[in-house]
Amino acid sequence: MTDNRLTIEALTSGYGETDILQGVALTLCRGEILALMGRNGMGKTTLLKTVMGLIQTRAGRIMLDGSPVDGKPPAWLLAHGVGYAPQELPLFQDLSIRDNLRLALRHDRDLAKALQNVGRSFPFLLERLEQLAGTLSGGEQKMLILARALMNEPDLLLIDEISEGIQPSVVQRIATALKTERERRGISILVVEQNLDFALSVADRWAVMKLGQIVDEGACNAESRETVLKHLSI
Amino acid sequence: MALLLDITTTAALLFIVSAGLFVIFGVLKIINFAHAAWLTIGAYTTVVATRMGFSPWLSLPLAVFVGGLLGAATEIAIVRPLYRRSLDAILATWGLGVVIVQIITLTFGRDMQMPPALITGTVDVLGMPYSSYRLFLLVAAVIMGLAFVLVLERTRLGLNAQAVIMNETLARALGINTSQVRLVTFMLGSAIAALAGVLLTPLSSVDPTMGISWLIGAFMLVMVSGTSVAALALACLCFGAAQVLVSTWISPILGSVTVAVLCAVVLRLHPKGFARG
Amino acid sequence: MADRAHSLAVSDRMFTRHGTGLFLLGALALALVLLGPLFLDRFTQNVLTRSMIYAMMAITVDLLWGYTGILTFGQSAFFGAGAYATALILTHIGGGMQNFALALALSVILPMVLAALVGWLSFYHKSTPLYASVISLVVPIVLTQAIFAGGSFTGSSSGLVGYPVMKLGAANYFRLAGVALILFAALSWIIVRSDAGRVLVAIRDNPLRAAYLGIRTQKVQILLMTVLGGIAGLCGFLYANAGRIVAPEIAGFGFGTQMIVWTALGGRASIFGPALGAIGIDYLGAQLSGSMPYVWQLIIGVLFVAMILFVPRGLVGLLPRRKHSGAAPALVALPDQRQESGRDALLTVSGLRKAYGNFVVLDGIDLKVRPGELISVVGPNGAGKTTLLRCLSDGTETIEGNITVVDKDIAGRPPEDIVALGIGRKFQVASVFESMTVAECLRLARTTHERPSLWHRASTIELPSAALEILALTGLNKKLGEPVSGLSHGMRQSLELAMVVAMQPRLILLDEPTAGLTKAERTLIGEVLKRLTQNLGYAAILIEHDIDFVKEISQRLVVLHQGRLVMDGSVEEVVNSELVRSIYSGMAHD
């Protein structure tokens, strides 16, 4: 048993002819929040998809608690404590909040308890269970995506650009929810972000990705903002 | 009044015949051209059941069983490998249909069969005698439609199926076993088609090629309705009415192509069909 | 004169290469069909006459489906229309030379009109291949029902029989059908190998890219369907004369699907496969179906399913594949042509708003692009950059606001029309033609400038020098004869870029053109883009994430953020602005 909840070694993967990831190495300890930063097109989303088993690994290894998991389907990972909040087309717009949340569970019998859990951080969801997801505001949709990822009480959470395009107040709520969840259950979280200030406010450590590789990483402190901004901005 | 009854019962018949194809198209996004063969198989289960001396009613569960079994085999052997080649999947299921029709011909001969009807006679509707079997079909179609809605809205399988219909990638990312959903759907669709075949027996001639004449109409209705049950019901009602009216007032032969032609025109003018507005 | 001599030399070379063998094969086939009646009994002659007519039908299906990607169940309708036109005239008007001529003319014209109508119904902007197949199913069914409804005029279900036919005798019908088949096969073979034939395959492989090269895909599809409808009608004429009987089944969709079976079993996208498939299956069927009709059908059905599953290329696919033979054409540089460089805006966008339902992607976008300008669009993910390019290159997108290209409103114009106005678009994921060679892709990019020949492949491709430079940078000019499917990601990117430049558009839209290229390649591509815009007067809009690259080559930067154009200025201004820094650090929200 190692202390690393998630270990990624020399990972290569991609679509078609292209290798988007070109030897990514990254570790995430138990109870740690790591912010993975980088501009678009650098491979951050691809990394999460590869970990989730949605894209095939071409080289390298992905390990949970030290045992290799690459090649496992998403269902297996979800059943083994991984939660995932995807960025692209993340909700069933024509289904209700309840059904969107239900789909994250294997069995409907666990629904009531799971709803209570996510309701702690996002009570508005419980009040509007029958509302169609497509009619929610952008920020509410993001909170629903996060709530869904928390339905199975995962101890490893992968979050893809949850703060994109939403108001600061909602970003704040999401940050609080993530921190609360970590304090309550000691879970590990990998946040993929472009929003530097949000990412640094929740994370313990940061890493920057460029053209399919991790180019820099460090602990979050007073200098982090300047260092990372140099990598990110124009 | 008779016309109105004709219209609703014709619509019911169209709905029953298209339902199996609709289920498969909705989830798997492929047109199952073996649909005609499933209808035929369903009808021949009645032939077999009654020959063996059972009640024709027994052929209903029998057809569901046989259809489901064949559906499972077809999904695994033919449809699954062609998942990414949808036009080829159409062709392969068509080929399968040809094979099944020939096997039936070899077994039963190409002559018309006359199995006993499930229900005979007439009932009086507002003082006018009307075929009780056609009314029974209306009831069957309504039950089938309600069952669809219930399964989709109330069961976990229905929810998973909806998820696959709306966004298969996301469904997979949420851990839904999409290939299992596809398999079950194909089985269900085939079973429903076989069931429809049984229900057709008193109205249609039962011979090896009987399914073909129903295929195109069903196919066009499904194309127009997309993935919405309500749209399918509405399409059956509209085009069923058109068919009855054309057959009654112009010519029965033209009536038989009304559905196909109207659907083609609707799709040309409004490519989304009845699915959205 | 020089041109003529040149093209003669080309066709000479074509004949010497694989020509000799095929020429001999054609001569042998011709000898066989001419002498055949001396050895074959009458029954066999009759069956083979029919099989050879069917073989022509299989070739028409192959041209539509195998080469152009239109899966049609409806060729039987045109065949039936031709046959019935013939039989009806001969039944109701009578025989005689004049009436045969009339029947011949009508049996071609009627199906052509019908086919043009079907084509118009099937192919329109954003029509799907499935829809075309659906229509092709409906047509034969309608026609069959019309024949049934025709009563004694059309003979209803029993068809027409006993009408006067051209008295050629079985042997001569056999020869006539044979010669017609060989001619049609040879003609089809030449056309599918010509530059025009490549256009068909381009439409099959990637209709979107074809349209964005300015190829009027729907028009080509309708034209092809019309011509092949006429050929099918001609086959019907032959059939009605040789067979002396027409029945509704020959117009039906069952017969239409049979043609697909022949084509699939013989091997789609090969002229000879479907022809031999049709002859083989029909002839064997005639021999065997007497003794065991259903078993024969059963075997064909099983074979068909197995073939689709395991050997999609058909029996021809089992033969060893010939290597891509033939030398690649030479590239010839066009003289540099400076685009007219008025100071007037080439592209004007005003008040552009684009929403999907409630979700607003772009809002209040105003933008002017003048000749010679290179504008880079930057902004975080989801800012609407790619959507902006889509709206600029496809006038059928529903938008609010106005987009004009050289003072013409593009609203309602499909991509190929906008290409004609002078806009070329490079997609984010390289979009090329998978089954073709590099040279073939480049040739296709020149379709709107040089009408592709129906008979041969030109031995040279004329390209603007900028396109040649792009090819040379990545070494693509040495891979002209190689298939695109084997190229690396970076090479595909530069091939597509070269294709877009080869179209000589006034305004080039580039969606991340350098993704997947090495640092060195990026710099070189940047140089080419700079030269195109600064020296040659092209305009370009570039979406790019590599900010160093952007700084290097652009004069103006436009910043999109959450669907709004938040800044439009010089590189210096934008790079140093607080607003942009805050956007990238995530704090800017309205």
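The values are calculated or read from the model by the stated rules, or taken from the named source; none is laboratory data. Everything numeric in this text was worked out from a predicted model, so none of it was measured. We place every Cβ from the backbone using ideal geometry, glycine too, and count neighbours over all the protein chains shown. Each accessible area value is taken on the protein alone, full model and side chains, heavy atoms only, with ligands, DNA and RNA left out. Shrake-Rupley method; radii C 1.70, N 1.55, O 1.52, S 1.80 Å.
Would you point out which residue out of B:64, B:17, B:47 is under 30 Å from residue B:242 (Cα atoms) and more than 14 Å from chain C (Cβ to nearest Cβ)?
Going through B:64, B:17, B:47 in turn, the sole match is B:17.
Could you check the range C:205-217 and list, in sequence order, the residues that are under 8 Å from the mean Cα position of the chain (by Cα) and under 14 Å from residue C:441 (Cβ atoms)?
Matches in the range C:205-217: C:205, C:206, C:210.
Taking residue C:108, is it within 30 Å of residue C:268 (Cα to Cα) and within 14 Å of chain B (Cβ to nearest Cβ)?
So residue C:108 does not fit the description; no.
Residues of the range C:361-391 being open to solvent by less than 10 Å² (accessible area, probe 1.4 Å) and part of a helix (DSSP H, G or I), which ones?
C:388, C:389, C:391
Return yes or no: is residue C:128 within 14 Å of chain B (Cβ to nearest Cβ), farther than 18 Å from residue C:220 by Cα and of a type in the set (S, T, N, Q)?
Judged against the criteria, residue C:128 is not a match.
With the structure loaded, tell me whether residue B:150 is open to solvent by 50 Å² or more (accessible area, probe 1.4 Å), over 24 Å from residue B:101 (Cα atoms) and under 16 Å from the mean Cα position of the chain (by Cα) or whether it fails that test. Reasoning before the result, please.
Numbers: open to solvent by 50 Å² or more (accessible area, probe 1.4 Å): yes; over 24 Å from residue B:101 (Cα atoms): yes; under 16 Å from the mean Cα position of the chain (by Cα): no.
Here the answer is no, as residue B:150 does not meet what is asked.
Of all the residues that make up the range C:421-439, how many are out of contact with any strand residue (DSSP E or B) (no Cβ under 8 Å at 6 or more places or on another chain) and under 18 Å from residue C:348 (Cβ atoms)?
So the count comes out to 0.
Just checking, does the range C:84-95 include any residue being among the hydrophobic types (A, V, I, L, M, F, W, C) and closer than 23 Å to residue C:262 by Cβ?
The initial filter retains those residues of the range C:84-95 that are among the hydrophobic types (A, V, I, L, M, F, W, C), namely C:85, C:87-90, C:93.
Of the ones still in play, those that are also closer than 23 Å to residue C:262 by Cβ are none.
No, because not a single residue in the range C:84-95 is among the hydrophobic types (A, V, I, L, M, F, W, C) and closer than 23 Å to residue C:262 by Cβ.
Could you please find all residues in the range B:158-193 being within 11 Å of chain A (Cβ to nearest Cβ), open to solvent by 50 Å² or more (accessible area, probe 1.4 Å) and assigned to a helix (DSSP H, G or I)?
Answer for the range B:158-193, where residues must be within 11 Å of chain A (Cβ to nearest Cβ), open to solvent by 50 Å² or more (accessible area, probe 1.4 Å) and assigned to a helix (DSSP H, G or I): B:166, B:169, B:172, B:179, B:180.
So which of B:127, B:97 ends up being more than 12 Å from every other protein chain (Cβ to nearest Cβ) and not aromatic (Phe, Trp, Tyr)?
Working: B:97 fails: more than 12 Å from every other protein chain (Cβ to nearest Cβ).
Testing whether each residue is more than 12 Å from every other protein chain (Cβ to nearest Cβ) and not aromatic (Phe, Trp, Tyr) leaves just B:127.
Could you name every one of the strands (runs of 3 or more DSSP E) located completely within the range A:113-220 that has at least 1 residues being within 13 Å of another protein chain (Cβ to nearest Cβ)?
Values: elements: A:156-160, A:188-193, A:205-210, A:213-219.
In the range A:113-220, the matching strands (runs of 3 or more DSSP E) lie at A:156-160, A:188-193, A:205-210.
Taking helices (runs of 4 or more DSSP H) that do not extend beyond the range C:502-590, which have at least 3 residues that are farther than 30 Å from residue A:171 by Cβ?
Those helices (runs of 4 or more DSSP H) span C:519-530, C:547-553.
If you take the residues of the range B:100-124 that are more than 30 Å from residue C:298 (Cα to Cα) and open to solvent by 40 Å² or more (accessible area, probe 1.4 Å), which of them is farthest from the other protein chains (Cβ to nearest Cβ)?
Here the residue is B:124.
Testing residue A:226 on (1) closer than 21 Å to residue A:143 by Cβ; (2) within 13 Å of chain C (Cβ to nearest Cβ); (3) in a helix (DSSP H, G or I), one condition comes back false. Which one is that?
Looking at each condition in turn, residue A:226 falls short on (1).
Could you tell me whether the range C:492-504 includes any residue that is of a type outside the set (A, V, I, L, M, F, W, C), surrounded by fewer than 19 Cβ atoms within 10 Å (Cβ to Cβ) and either at pLDDT 85 or above or under 24 Å from residue A:42 (Cα atoms) (or both)? Let's see the steps before the verdict.
If we filter the range C:492-504 for residues that are of a type outside the set (A, V, I, L, M, F, W, C), which is where we start, we get C:492-494, C:496, C:504.
Filter again for surrounded by fewer than 19 Cβ atoms within 10 Å (Cβ to Cβ), leaving none.
Taking every residue of the range C:492-504 in turn, none turns out to be of a type outside the set (A, V, I, L, M, F, W, C), surrounded by fewer than 19 Cβ atoms within 10 Å (Cβ to Cβ) and either at pLDDT 85 or above or under 24 Å from residue A:42 (Cα atoms) (or both).
Spot the failing condition for residue A:82; the list is (1) within 14 Å of chain B (Cβ to nearest Cβ); (2) among the β-branched types (Val, Ile, Thr); (3) under 20 Å from residue C:360 (Cα atoms), and only one is missed.
Exception for residue A:82: condition (3).
Rundown of residues vs (1) surrounded by fewer than 17 Cβ atoms within 10 Å (Cβ to Cβ); (2) away from chain B (no Cβ under 14 Å); (3) within 22 Å of residue A:155 (Cα to Cα); (4) within 18 Å of the chain's Cα centre (by Cα), yes/no style:
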site	(1), (2), (3), (4)
A:29	yes, yes, yes, yes
A:47	no, yes, yes, yes
A:73	yes, no, yes, yes
A:86	no, no, yes, yes
A:99	no, no, no, no
A:103	no, no, yes, yes
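Considering only the range C:297-344, state which residues are at pLDDT 80 or above, assigned to a helix (DSSP H, G or I) and open to solvent by 50 Å² or more (accessible area, probe 1.4 Å).
Matches in the range C:297-344: C:297, C:299, C:302, C:303, C:310, C:315.
Condition check: closer than 17 Å to residue B:6 by Cβ, open to solvent by 60 Å² or more (accessible area, probe 1.4 Å), without any contact (Cβ under 8 Å) to a residue 60 or more places away in the chain and assigned to a helix (DSSP H, G or I). Does residue B:247 satisfy that?
no
Condition (residue is within 23 Å of residue C:330 (Cα to Cα) and surrounded by fewer than 18 Cβ atoms within 10 Å (Cβ to Cβ)) applied to the range C:534-549: is it met by at least one residue?
no
Here is a list of conditions, (1) crowded, with 22+ Cβ neighbours inside 10 Å; (2) within 10 Å of chain C (Cβ to nearest Cβ), and residue B:77 meets all of them except one; can you say which number that is?
Looking at each condition in turn, residue B:77 falls short on (1).
Tally time: how many residues in the range C:438-458 are touching a residue at least 12 places away in the same chain (Cβ under 8 Å) and part of a loop (DSSP other than H, G, I, E, B)?
First, pick out the residues of the range C:438-458 that are touching a residue at least 12 places away in the same chain (Cβ under 8 Å): C:438-450, C:452-458.
This time we only want the ones that are part of a loop (DSSP other than H, G, I, E, B), so: C:446-450, C:452-458.
Residues meeting the conditions: 12.
Taking the criterion of being more than 29 Å from residue C:554 (Cα to Cα), open to solvent by 50 Å² or more (accessible area, probe 1.4 Å) and among the aliphatic types (A, V, I, L, M), would at least one residue in the range A:173-195 satisfy it?
Within the range A:173-195 (the criterion being more than 29 Å from residue C:554 (Cα to Cα), open to solvent by 50 Å² or more (accessible area, probe 1.4 Å) and among the aliphatic types (A, V, I, L, M)), the answer is no, since none of the residues qualifies.
Which of the residues that make up the range C:238-270 are within 11 Å of chain B (Cβ to nearest Cβ) and of a type in the set (A, V, I, L, M)?
Within the range C:238-270, C:260, C:261, C:264, C:265 meet the criteria.
Go through the range B:80-91 and report how many residues are buried (at least 17 other Cβ atoms within 10 Å of the Cβ) and within 19 Å of residue B:168 (Cα to Cα).
Going through the range B:80-91 one residue at a time, the tally reaches 2.
For a quick check of your reading: which helices (runs of 4 or more DSSP H) sit entirely within the range C:163-219 and have at least 3 residues that are of a type outside the set (A, V, I, L, M, F, W, C) and open to solvent by less than 40 Å² (accessible area, probe 1.4 Å)?
C:170-193, C:195-205
Can you name every residue in the range C:465-486 that is of a type outside the set (Gly, Ala, Ser), within 22 Å of the chain's Cα centre (by Cα) and either open to solvent by 20 Å² or more (accessible area, probe 1.4 Å) or within 14 Å of chain A (Cβ to nearest Cβ) (or both)? Walk me through it before giving the result.
Here is the first cut: in the range C:465-486, the residues of a type outside the set (Gly, Ala, Ser) are C:468-471, C:473-474, C:476-480, C:482-484.
When the remaining residues are screened for being within 22 Å of the chain's Cα centre (by Cα), the result is C:480, C:482-484.
Hits for the range C:465-486 are C:482, C:483, C:484.
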